[in-house]
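Single-structure report; data block below.
The values are calculated or read from the model by the stated rules, or taken from the named source; none is laboratory data. Every value quoted in this text rests on a predicted model; they were computed, and no experiment measured them. For neighbour counting, all protein chains shown are included, and Cβ atoms are generated from backbone atoms with ideal geometry for every residue, glycine included.
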Amino acid sequence: MNKKNLLIGNLNCVFLNKKIKQNLLDYWDEFVKNIFVSDYSLGRFPHFLLKDVNIKYISKDEPAIIGKFVKDTVLEIEQVLINNTLVEKDESYQTAPSSLFIYLLKNHTLLYLGEHRGYPQINTFVSFLKRGINREKAKYFKSLSTGKKREEKIKIYENFPDLYINFTPMPMRKKIEEQFKGIKKIKKIKINQFLQNGDFNASSFVGDNKEILKYLKSEKIGFEVESPKDTESAITLIKEISESNEANFTVDGITESGINQTISDEGIKYVQPIEDYDPTAKTIDNAAKIYSKYSEDLDLNEIPRIEQKNSDEMIKKAFD
């Protein structure tokens, strides 16, 4: 049985300076669309590239970018164990493990599944997007500034916001309950709040931090709460934060038996097995299978349903 694990989270791509806050689709026509094409590549060793990229509706009302993220590299073998004896060996094999990704354009949710051993991890995919988009952004800036005077180039550059990308894993609701079961007292809560695509969720922990982040040109703001007196309210707050998909957190607590326990978003993140997965099948067919599992867990209330953040008019840009 070929079982693969599906990871789901919020992939935020935000362009920011003191005057501008825009998301991925705001610059789609200018340079972002140049990334999401088959064979777009970066790096020499290892060499990373996108394959089988499609921008289409994966269901009747779910526009998405679908494709494979490939790590093209060489596996080198220098030593093996034979009859319990270490033996030197000089062999190399070309390998290109891949991950399948589905980026839902309505709410910036990313579905990510490693197809082979040694597949490129989610943080590598995020870094690839950041490098690629910044490279295409630089090309676009050069095309606008060619032939312009220095003062004009500076003005154009100042109107270009910086790119920030982060991935926040989506939680499983039952894992949240399991993690906090038995917690008697909370010693410390640490929160990293990320700048999001679209408008901020008007939940209690957000406040006016949007303006702080914008002014400081930062992608996140961190804060800590020491020894909250009301443990139940603190747990309610953490559940709200985890389900918003807008922040990461760590909680240091004590159980009823006096044992120290640390809870984090890492411990509650959504990781689900996909049975009988066939990496050799068509990318679009595998994407449909993964999306079906995601939809099923949404309907079962296993994971939070993230509200739409991009307008239908904005999404149309990706299909023109």
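Taken over the range 294-306, the criterion of being closer than 15 Å to L104 by Cβ and either assigned by TED's automatic domain parsing to the domain that holds E243 or surrounded by 12 or more Cβ atoms within 10 Å (Cβ to Cβ) (or both) is satisfied by Y294, S295, D297, L298, I303, P304, I306.
What residue, among those in the range 261-320 that are assigned to a helix (DSSP H, G or I) and aromatic (F, W, Y), is nearest to L24 (Cα to Cα)? Give the steps one after another, and end with the answer.
First pass over the range 261-320, keeping only residues assigned to a helix (DSSP H, G or I): 265-268, 283-299, 312-319.
Subsequent filtering for residues that are aromatic (F, W, Y) retains 291, 294, 319.
Working: Y291: 22, Y294: 23, F319: 14 Å.
Going through the qualifying residues, I end up with F319.
Can you tell me which residue among K190, K181, K149 is farther than 27 Å from H108 by Cα, more than 20 Å from the chain's Cα centre (by Cα) and not assigned by TED's automatic domain parsing to the domain that holds V32? If you could, list the steps in order and put the result at the bottom.
Values: K190 fails: farther than 27 Å from H108 by Cα; K149 fails: not assigned by TED's automatic domain parsing to the domain that holds V32.
Testing whether each residue is farther than 27 Å from H108 by Cα, more than 20 Å from the chain's Cα centre (by Cα) and not assigned by TED's automatic domain parsing to the domain that holds V32 leaves just K181.
Selection within the range 114-127: residues that are within 12 Å of the chain's Cα centre (by Cα) and of a type outside the set (G, A, S). The member of this set that is surrounded by the most Cβ atoms within 10 Å (Cβ to Cβ) is F125.
Of the residues making up the range 235-260, those that are in contact with a strand residue (DSSP E or B) (Cβ under 8 Å, 6 or more places away or on another chain), in a helix (DSSP H, G or I) and farther than 11 Å from I191 by Cβ are I235, E243. Listed by first and then second residue, the pairs with beta-carbon distance under 8 Å, at least 6 apart or on different chains, first residue in the range 231-250 and charged (D, E, K, R), second assigned to a helix (DSSP H, G or I) and buried (at least 19 other Cβ atoms within 10 Å of the Cβ), are K239/I176; K239/F180; E243/I176. Checking each residue in the range 85-113 for being more than 22 Å from Y57 (Cα to Cα), surrounded by 14 or more Cβ atoms within 10 Å (Cβ to Cβ) and without any contact (Cβ under 8 Å) to a residue 40 or more places away in the chain picks out T95, A96, P97. Being more than 18 Å from the chain's Cα centre (by Cα), of a type in the set (D, E), in the same structural domain as T124 (by TED's automatic domain parsing) and at pLDDT 95 or above is the requirement here; does D39 meet it? Criteria met by D39. Looking across K137, K130, one residue alone is free of Cβ contacts under 8 Å to residues at least 40 places away in the same chain and either out of contact with any Pro (no Cβ under 8 Å at 6 or more places or on another chain) or over 27 Å from L298 (Cβ atoms) (or both). It is K130.
For the range 142-186, the candidate set comprises residues that are polar (S, T, N, Q) and exposed (fewer than 15 other Cβ atoms within 10 Å of the Cβ); within that set, the residue that is nearest to F48 (Cα to Cα) is S143.
If you go through the range 32-50 and keep only what is farther than 21 Å from C13 by Cβ and part of a strand (DSSP E or B), you end up with just H47.
Would you be able to say whether some residue in the range 274-286 is without any contact (Cβ under 8 Å) to a residue 40 or more places away in the chain and either of a type in the set (F, W, Y) or under 30 Å from S242 (Cα atoms) (or both)? No - not one qualifying residue is present in the range 274-286.
Among the residues of the range 128-141, the one identified as surrounded by fewer than 18 Cβ atoms within 10 Å (Cβ to Cβ), within 15 Å of L25 (Cα to Cα) and basic (K, R) is K130.
If we scan the range 221-228, do we find a residue that is under 21 Å from I165 (Cα atoms) and part of a loop (DSSP other than H, G, I, E, B)? Even if it seems obvious, please write down each step before you answer.
From the range 221-228, those under 21 Å from I165 (Cα atoms) are 221-223; that's our starting set.
With the extra rule that they be part of a loop (DSSP other than H, G, I, E, B), the set shrinks to none.
Within the range 221-228, none of the residues are under 21 Å from I165 (Cα atoms) and part of a loop (DSSP other than H, G, I, E, B).
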